[in-house]
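The values are calculated or read from the model by the stated rules, or taken from the named source; none is laboratory data. None of these values were measured; they are calculated from a predicted model. Positions of Cβ are backbone-derived with ideal geometry, glycine not excepted, and every protein chain shown enters the neighbour counts.
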Amino acid sequence: MAIWDERVRKCVQRLKPYIPGKPIEEVQRELGLSDVIKLASNENPLGPSPKAVEAAMRALSHVHLYPDDSCYRLKKAIAEHYCMPEDCILIGRGSDEILLHAALAFIEPGDEVIYAHPSFVMYSFVSTLMDAKEHVVPLKDFTHDLDAMAECVTERTKLIFISNPNNPTGTIVKEPNVRCFVESLPNGVLVIFDEAYREYVDDEAFPNTLDYVRDGLSVLTLRTFSKAYGLAGLRIGYGFAPPCIAELISRVREPFNVSSIAQAAAEAALQDKEHVERSRELVIEGKNMLYRAFDELGLKYVPTQANFIFVDLGIDSREAFNQLLRCGIIIRTGEIFGMPTWARITIGKPEENERLVEALKKILLCR
Ligand SMILES: Cc1ncc(COP(=O)(O)O)c(C=O)c1O
């Protein structure tokens, strides 16, 4: 059926499928292991808020009905939580979907986009899908190089993607540089701040991009319920943009894109501030423990503002990945980010972090 390889859109020919972190069940099945932990996809090791689970269960008995297309209750809850007007808010099937919607709404073939490398792979995915011209700017000291990104702007630049904190390095761009960067851009360039890990940030220089939205700057801020809120499996995320931009992006949304179960769970999760706080504390504790362990092992790592650490294992991380798999531990190798000795490791529960460190010691010290 080679004809279909030619019939498919040229940009789809160039698309590389997203490679997700290996699921626990797959590893159990393939290696015959029962006790497997996943430190690969930056999920919340505490799981969802029990209040979110209860709300999801209640919503289940109404699944014969289509969900509320407007996400009325959830939008209202988010508006109150962040003191933002409702017409600024977008809800998506994960923040990934809002990224896709922004690309669908704004990018004509040949329009230009700018993003960093290594960074979140979805920026490349949606840009390739829309046949955009991609300017890929290397990180500087593991951090977005805003000056170099600004230099790439042309008349055709439509979108700039900034993962803040950056996946996979966990670094952030800070004030006052970020506001200067946004304000220096020509009219008609939309900066997408992807703040999937915002809840874990403890650096006070982290930009308040919701203020940018309030000020009417050309900004789309993305947040998610997949990480600190522990609802990755329900696929729900949200975003904020000035109303005129939000309205244009929401035009490409298909009806009923967010399930009623996800809406109900997200609304309840948002109210459970203690659960988010516990999740945050767990990450801070875990990161300090892992820093100490990596220091003892002499491993170079990037100090993180997220719930994962980018670490140089000093050996082919594929090899480390395979050996860790045999110990029932799933991590993310650096090769997908073009850095083959590096790995991205999600911060887990204390016992999970300890198990990882013990396994790493065996792998690295027995060489
Ligand atoms: C930077 C970044 N943005 C967005 C996402 C995806 O978020 P969601 O689950 O809301 O689509 C991820 C997931 O790993 C991420 O790392």
Name every residue in the stretch 223-245 that is more than 7 Å from the ligand (Cβ to nearest atom), not in a loop (DSSP other than H, G, I, E, B) and not aromatic (Phe, Trp, Tyr), in order of residue number.
223, 233, 234, 239, 243, 244, 245
Scan the stretch 281-288 and give yes if some residue there is of a type in the set (Val, Ile, Thr), away from the ligand (no atom under 16 Å from the Cβ) and under 21 Å from the mean Cα position of the chain (by Cα), otherwise no.
yes
Considering only the stretch 115-133, how many residues are under 28 Å from residue 309 (Cβ atoms) and crowded, with 19+ Cβ neighbours inside 10 Å?
10
Among the residues of the stretch 288-328, the number that are in contact with a Phe, Trp or Tyr (Cβ under 9 Å, 6 or more places away or on another chain), in contact (Cβ under 8 Å) with a residue 24 or more places away in the chain and not in a loop (DSSP other than H, G, I, E, B) is 8
Test: residue 145 is under 30 Å from residue 309 (Cα atoms), within 21 Å of the chain's Cα centre (by Cα) and away from the ligand (no atom under 16 Å from the Cβ):
yes
Does the stretch 352-367 contain at least one residue that is closer than 26 Å to residue 201 by Cβ, β-branched (Val, Ile, Thr) and buried (at least 21 other Cβ atoms within 10 Å of the Cβ)?
no
Criterion first (over 17 Å from residue 133 (Cα atoms), assigned by TED's automatic domain parsing to the domain that holds residue 131, aliphatic (A, V, I, L, M) and free of Cβ contacts under 8 Å to residues at least 60 places away in the same chain) does residue 173 satisfy it?
yes
Residue hits (the stretch 103-133; within 13 Å of the ligand (Cβ to nearest atom) and part of a helix (DSSP H, G or I)) are 122, 123, 124, 125, 126
Would you check which residues across the stretch 34-86 are among the small types (Gly, Ala, Ser), buried (at least 17 other Cβ atoms within 10 Å of the Cβ), away from the ligand (no atom under 16 Å from the Cβ) and assigned to a loop (DSSP other than H, G, I, E, B) and list them?
49
For residue 112, which of the numbered conditions (1) under 23 Å from the mean Cα position of the chain (by Cα); (2) under 30 Å from residue 138 (Cβ atoms); (3) surrounded by fewer than 19 Cβ atoms within 10 Å (Cβ to Cβ) fails to hold?
(3)
Residue 272 meets each of (1) within 16 Å of the ligand (Cβ to nearest atom); (2) surrounded by 15 or more Cβ atoms within 10 Å (Cβ to Cβ); (3) of a type outside the set (A, V, I, L, M, F, W, C) with one exception, condition (1)
Report the residue count in the stretch 134-159 for those that are surrounded by fewer than 16 Cβ atoms within 10 Å (Cβ to Cβ), in contact (Cβ under 8 Å) with a residue 40 or more places away in the chain and not in a loop (DSSP other than H, G, I, E, B).
0
If you go through 217, 248, the only one that is surrounded by fewer than 22 Cβ atoms within 10 Å (Cβ to Cβ) and assigned to a helix (DSSP H, G or I) is 248
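When you go through 193, 206, 256, 181 one by one, which is the residue that is within 13 Å of the ligand (Cβ to nearest atom), out of contact with any Gly (no Cβ under 9 Å at 6 or more places or on another chain) and in the same structural domain as residue 148 (by TED's automatic domain parsing)?
On the way: 206 fails: within 13 Å of the ligand (Cβ to nearest atom); 256 fails: within 13 Å of the ligand (Cβ to nearest atom); 181 fails: within 13 Å of the ligand (Cβ to nearest atom).
Step by step, each of 193, 206, 256, 181 is checked, and only 193 is within 13 Å of the ligand (Cβ to nearest atom), out of contact with any Gly (no Cβ under 9 Å at 6 or more places or on another chain) and in the same structural domain as residue 148 (by TED's automatic domain parsing).
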If we keep just the residues of the stretch 324-367 that are modelled with pLDDT of 95 or more and of a type in the set (S, T, N, Q), which is farthest from residue 289 (Cα to Cα)?
341
List pairs: first in the stretch 113-133 and in the same structural domain as residue 172 (by TED's automatic domain parsing) and polar (S, T, N, Q), second more than 16 Å from the ligand (Cβ to nearest atom) and at pLDDT 95 or above, Cβ under 6 Å, 6+ apart or cross-chain?
127/134
Pairs returned, first residue in the stretch 185-207 that is aliphatic (A, V, I, L, M), second residue that is surrounded by fewer than 18 Cβ atoms within 10 Å (Cβ to Cβ), beta-carbon separation under 6 angstrom, 6 or more apart or interchain, are 205/174; 205/175
